[in-house]
Amino acid sequence: WLKPSSCASLPVGASLFAVVRRLVLAPAMTTQPVAKGDAIEFNLDRMTVEQGLELIEVERVQPLLKYLKTGVFENKTNMTFMKAYSVVVQFGDQQHQSYKLYDYYKGVISKYCEEGVSQMHGCSGEDLLKRLADLWEKQTILVFWMQRVFQYLDRFFTRNSNEYPDLFSCALSSFQEKVYDKMKDSCIRALIETINAERNGREIDQDTVRLIVEMLCMVGDQQPKIAKQKDAGGDRLVWVSVSRTEEHRMDSYKQAFERVLLESTAEFYRTKVAGWLAELSCPMFLREVARTLENEESRLKRYLDRSSEKDLRKVCQRELILETAKQLVEMDCGCQFMFQNKKLGELALMHRIFRREPTVLCYMTEVMEPYIERRCTKIVDDQGMIDDPVKYIEEVLALKVELDDIVASCFENGPEFQKARNQGLENVLNKDTRCSKYLAIYCDVQLKKGFKGRHEEEVNAVINQVISLFLHLRDKDIFLDCYKKALSRRLLNRLSISNDAEDAFITKLKVECGQQAIQKLAAMFTDMSLSDALQEEYCRRPHGGSPGGVVHEVRVLQTNAWPEKADETNVVPCAEMAACIKAFEMFYNSKHSGRKLRWIYTMGQVEISAHCFQRKHILVVQPYQCLALMCFNQRFEVTFGELVEATKLPREECHRQVLSMTLAKHKLLKHGGDDKKLVDSTVLSVNEAFAHEKIKVVVGLIKEKEKPAEAPVAEAPVERKHVVDAAIVRIMKSRKRLDHISLLDEVFRQCTLFKPQPSLIKAQIETLIDREFLTRDAEQKSIYIYVP
């Protein structure tokens with residue numbers, strides 16, 4: 001179907017590509033439909049450029065312009081496009097003809113823009129925006145189809161010319177010149193009014209605003225193009241930038257529109273805030289601010305450009321949050337009211353808004369910390385709580401749990417609020433050492449009977465709460481010291497209700513304090529295990545563990561691991577007790593050499609069979625009480641002075657032990673003197689009239705005099721000095737030379753179980769200088785030097 005006559009008319013020197021192109025693309029001048037693959041009948045070589053442009057005008061441009069007016073695209077076939085495109089290809093290689101094609105392309109677009117602007121005279125507001133958006137959208141369609149026809153010019157003509165930009169840039173600059181530059185001010189003014197109208201709750205045409213914003217973003221772009229994009233309604237033509245640099249991109253949007261938008265936004269919300277503060281309560285104001293900020297975020301997604309996000313958010317948050325936060329917090333129904341009345345939802349809302357501007361969170365924490373201090377002070381200053389350590393700690397733990405829940409649910413565990421919570425609790429709990437000691441007492445009660453009947457999850461929850469409170473204490477060493485004493489009593493008297501709970505608590509302490517801090521606690525458990533094994537082996541001896549018929553159980557404790565110390569006085573045990581001591585020492589020395597056992601008579605209990613009363617009783621007494629009672633096996637009456645001499649007990653302790661057995665409840669002994677005081681001449685005898693409903697009678701012991709409740713509940717352990725000494729030497733050994741202030745900071749950092757006072761550190765430094773561990777610099781006395 002290719003005609004030879006067409007080949008004969010080709011100019012000399014034409015390329016094979018051009019030959020083929022002209023043969024295939026030259027369309028026939030006919031109004032009849034041409035089937036795909038039919039021959040093209042007319043010859044473009046005899047056509048002038050004016051004739052070609054006329055053909056483009058008739059076949060392509062006029063139908064396109066009509067489509068933009070009516071929505072009906074007549075004669076839209078591939079053949080009409082091929083006719084128009086073939087004309088551009090025919091003349092596009094000829095430099096002098098390319099100018100005419102380019103001018104025609106630009107003229108069509110410019111004329112369309114001029115006609116569109118002429119229809120906007122007298123329009124304003126949303127009507128103006130709609131007309132301008134419609135023109136922008138239709139101009140985009142016009143440029144897209146025109147560029148497809150004339151795109152051959154971009155292959156050589158515009159690419160090799162600095163004077164003529166590419167077709168897309170040419171079209172966009174024509175729009176800028178004919179439309180944008182004339183309508184810019186009125187357009188931006190109308191756009192701002194429309195946006196503010198939506199902020200006031202009025203419905204607007206969002207598609208129109210989005211098109212106007214797209215126009216502002218593209219005008220002035222150096223490398224624009226039109227592309228198809230998918231949206232809910234199908235394919236849509238949009239302008240996009242292919243520039244890889246930010247220079248000159250969105251200049252019109254940033255300079256002409258965004259600046260005005262930010263200024264108007266600030267003024268708009270400044271006026272709004274003034275009215276809200278006068279009319280609304282704090283919670284209502286917060287809800288209004290939250291709704292407003294959500295609307296602004298939605299506005300960015302719907303039609304504003306995302307490049308405005310940072311600056312627009314900054315302006316909104318400045319007017320809505322930064323300028324109002326302090327006043328909101330200080331309102332009668334503000335933050336203080338919310339804390340006192342447990343308005344957790346409102347606190348969460350305030351935090352959710354304020355966290356957008358972290359600098360204003362301090363207004364909330366400044367209220368939160370004193371609130372916590374007041375709540376905590378109410379507990380620790382209550383005399384009823386002071387008199388009941390368990391109740392005291394239960395209330396503090398309940399407060400701690402409540403505060404943890406508030407910080408987690410309302411403030412999302414923000415570091416500022418965790419710090420305020422910690423500071424508020426610590427300022428009150430660390431005024432003295434009472435909380436450290438009471439916490440150890442609470443643990444002792446729980447581990448003896450509080451965990452009875454509880455599931456493992458409940459036990460672990462209580463342990464976690466205790467450890468959480470423990471971390472707020474500065475005097476952790478006092479807690480550990482009191483806990484060690486209570487643990488000793490639980491282990492030696494077998495009072496612990498759960499070994500698993502004991503192990504879990506020690507494990508938690510190890511995680512928080514380190515291995516060294518709980519080393520002695522772990523050694524106590526080790527001693528108990530070894531003692532159990534040793535006792536089993538001792539019971540396999542010929543006497544069966546009961547020499548002379550006295551059954552006894554012995555615990556061997558490491559001297560430095562346990563708080564109990566051996567008696568310094570030379571107590572004289574009774575004959576039965578002495579036989580047991582001798583038998584066990586012989587057994588122990590047969591297994592270990594070089595070790596010496598020192599007996600602690602103040603620990604443990606003794607069961608004595610009493611045959612001197614109206615009925616047989618088994619008396620459960622203290623070892624010292626046992627020594628006193630055994631003296632009545634030889635004599636019916638014994639003076640108090642003779643008891644002290646026979647047992648070698650300290651006089652005051654012997655008085656307490658014996659007096660406990662003369663009281664009305666457990667009156668095992670009687671005397672004729674003052675009921676509350678025994679002297680050396682006081683004659684004591686067995687009270688044969690003693691009677692009790694139980695066979696096994698536990699004889700109580702008068703408590704030692706306690707310190708007044710108002711006094712500090714625990715004194716600082718002596719070991720603190722040794723800890724500070726070790727820290728100073730360790731630091732100086734590694735640093736060799738250090739000034740006084742830096743040394744103090746290092747010691748504070750290393751002493752994790754307590755916070756040493758500067759006076760204590762200074763005193764220990766002087767001690768180490770005297771002991772020649774350190775020396776002062778000869779010229780600067782505030783600098784210390786380590787002495788190897």
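The values are calculated or read from the model by the stated rules, or taken from the named source; none is laboratory data. The model shown is predicted, which means the values in this text are computed figures rather than measured ones. So basically every Cβ, Gly included, is an ideal-geometry build from the backbone, and we count neighbours across all protein chains shown. To get the accessible areas, we keep the full protein, side chains included, count just its heavy atoms, and leave off ligands, DNA and RNA. Shrake-Rupley method; radii C 1.70, N 1.55, O 1.52, S 1.80 Å.
Figures for the structure shown
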{"item": "Of all residues in segment 557-590 being aliphatic (A, V, I, L, M) and touching a Lys or Arg at 6+ places or on another chain (Cβ under 9 Å), the one that is nearest to Gln634 (Cα to Cα)", "result": "Val572"}
{"item": "Positions within segment 331-357 being out of contact with any helix residue (DSSP H, G or I) (no Cβ under 6 Å at 6 or more places or on another chain), in a loop (DSSP other than H, G, I, E, B) and either within 16 Å of Arg421 (Cβ to Cβ) or touching a residue at least 12 places away in the same chain (Cβ under 8 Å) (or both), in sequence order", "result": "Lys342, Lys343, Arg355"}
{"item": "Close pairs from segment 433-448: first touching a residue at least 60 places away in the same chain (Cβ under 8 Å) and hydroxyl-bearing (Ser, Thr, Tyr), partner surrounded by fewer than 21 Cβ atoms within 10 Å (Cβ to Cβ) and part of a helix (DSSP H, G or I), Cβ under 6 Å, at least 6 apart", "result": "Tyr438/Pro389"}
{"item": "Condition check for Met603: within 19 Å of Phe690 (Cα to Cα) and among the aliphatic types (A, V, I, L, M)", "result": "no"}
{"item": "Any hit, segment 601-617, residues being over 27 Å from Val554 (Cβ atoms), open to solvent by less than 40 Å² (accessible area, probe 1.4 Å) and in a loop (DSSP other than H, G, I, E, B)", "result": "yes"}
{"item": "Test: residue in segment 194-203 that is farther than 26 Å from Ser110 by Cβ and aliphatic (A, V, I, L, M)", "result": "yes"}
{"item": "Unique match (being out of contact with any Pro (no Cβ under 9 Å at 6 or more places or on another chain), open to solvent by 40 Å² or more (accessible area, probe 1.4 Å) and within 29 Å of Gly52 (Cα to Cα)) among Phe156, Phe150, Phe175", "result": "Phe156"}
{"item": "Test: residue in segment 332-342 that is within 25 Å of Ala461 (Cβ to Cβ) and either more than 22 Å from the chain's Cα centre (by Cα) or open to solvent by 80 Å² or more (accessible area, probe 1.4 Å) (or both)", "result": "yes"}
{"item": "Index of the failed condition, Gly125 passing every other in (1) open to solvent by 40 Å² or more (accessible area, probe 1.4 Å); (2) closer than 19 Å to Ile188 by Cα", "result": "(1)"}
{"item": "Qualifying residue in segment 437-449 (condition: more than 29 Å from the chain's Cα centre (by Cα) and among the hydroxyl-bearing types (Ser, Thr, Tyr))", "result": "yes"}
{"item": "Selection within segment 463-500 - assigned to a helix (DSSP H, G or I) and either open to solvent by 80 Å² or more (accessible area, probe 1.4 Å) or over 17 Å from Lys510 (Cα atoms) (or both)", "result": "Lys485, Ala486, Ser488, Arg489, Arg490, Leu491, Leu492, Asn499, Asp500"}
{"item": "Selected residue [within 30 Å of Leu344 (Cα to Cα), open to solvent by 60 Å² or more (accessible area, probe 1.4 Å) and out of contact with any helix residue (DSSP H, G or I) (no Cβ under 9 Å at 6 or more places or on another chain)] from Arg287, Arg313, Arg291", "result": "Arg291"}
{"item": "All positions within segment 192-209 that are in a helix (DSSP H, G or I), over 24 Å from Arg236 (Cα atoms), open to solvent by 20 Å² or more (accessible area, probe 1.4 Å) and not acidic (Asp, Glu)", "result": "Asn196, Arg199"}
{"item": "Only listed residue being within 29 Å of Gly545 (Cα to Cα) and over 60 Å from the mean Cα position of the chain (by Cα), chosen from Leu597, Leu627, Leu668, Leu643", "result": "Leu627"}
{"item": "Subset of segment 446-462 (residues that are assigned to a helix (DSSP H, G or I), within 18 Å of Lys391 (Cβ to Cβ) and either open to solvent by less than 30 Å² (accessible area, probe 1.4 Å) or among the acidic types (Asp, Glu) (or both))", "result": "Gln446, Leu447, Gly450, Val462"}
{"item": "The one condition in (1) basic (Lys, Arg); (2) closer than 26 Å to Pro756 by Cβ; (3) part of a helix (DSSP H, G or I) that Lys431 fails to fulfil", "result": "(3)"}
{"item": "Which numbered condition Asp527 fails, given (1) open to solvent by 80 Å² or more (accessible area, probe 1.4 Å); (2) assigned to a helix (DSSP H, G or I); (3) within 30 Å of Glu456 (Cβ to Cβ)", "result": "(1)"}
{"item": "Filtered residues of segment 392-441 (kept if hydroxyl-bearing (Ser, Thr, Tyr), surrounded by 15 or more Cβ atoms within 10 Å (Cβ to Cβ) and out of contact with any Pro (no Cβ under 8 Å at 6 or more places or on another chain))", "result": "Tyr392, Ser436"}
{"item": "Pairs with Cβ under 9 Å, 6+ apart, first in segment 501-523 and closer than 16 Å to Thr752 by Cα, second modelled with pLDDT under 90 and of a type in the set (Ser, Thr, Tyr)", "result": "Cys513/Thr752; Gly514/Thr752; Ala517/Thr752"}
{"item": "Subset of segment 270-321 [hydrophobic (A, V, I, L, M, F, W, C), under 23 Å from Gln336 (Cα atoms) and either within 29 Å of the chain's Cα centre (by Cα) or not in a helix (DSSP H, G or I) (or both)]", "result": "Leu280, Cys282, Met284, Phe285, Leu286, Val289, Ala290, Leu320, Ile321"}
{"item": "Filter result for the condition that a residue is within 30 Å of Val407 (Cα to Cα) and open to solvent by less than 10 Å² (accessible area, probe 1.4 Å), over Leu347, Leu300, Leu280, Leu322", "result": "Leu347"}
{"item": "Of residues in segment 371-391 being assigned to a helix (DSSP H, G or I) and among the charged types (D, E, K, R), the one surrounded by the most Cβ atoms within 10 Å (Cβ to Cβ)", "result": "Arg375"}
{"item": "Segment 552-566 residues that are free of Cβ contacts under 8 Å to residues at least 40 places away in the same chain, paired with ones that are basic (Lys, Arg) and open to solvent by 50 Å² or more (accessible area, probe 1.4 Å) (beta carbon under 7 Å, 6 or more apart)", "result": "Ala566/Arg598"}
{"item": "Residue within segment 372-380 that is of a type outside the set (Gly, Ala, Ser) and under 23 Å from the mean Cα position of the chain (by Cα) present", "result": "yes"}
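Residues are listed down the side, and each one gets a yes or a no for (1) open to solvent by less than 90 Å² (accessible area, probe 1.4 Å); (2) in a loop (DSSP other than H, G, I, E, B):
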{"residue": "Lys721", "(1), (2)": "no, no"}
{"residue": "Ile728", "(1), (2)": "yes, no"}
{"residue": "Met732", "(1), (2)": "yes, no"}
{"residue": "Val747", "(1), (2)": "yes, no"}
{"residue": "Phe754", "(1), (2)": "yes, yes"}
{"residue": "Ile765", "(1), (2)": "yes, no"}
{"residue": "Glu772", "(1), (2)": "no, yes"}
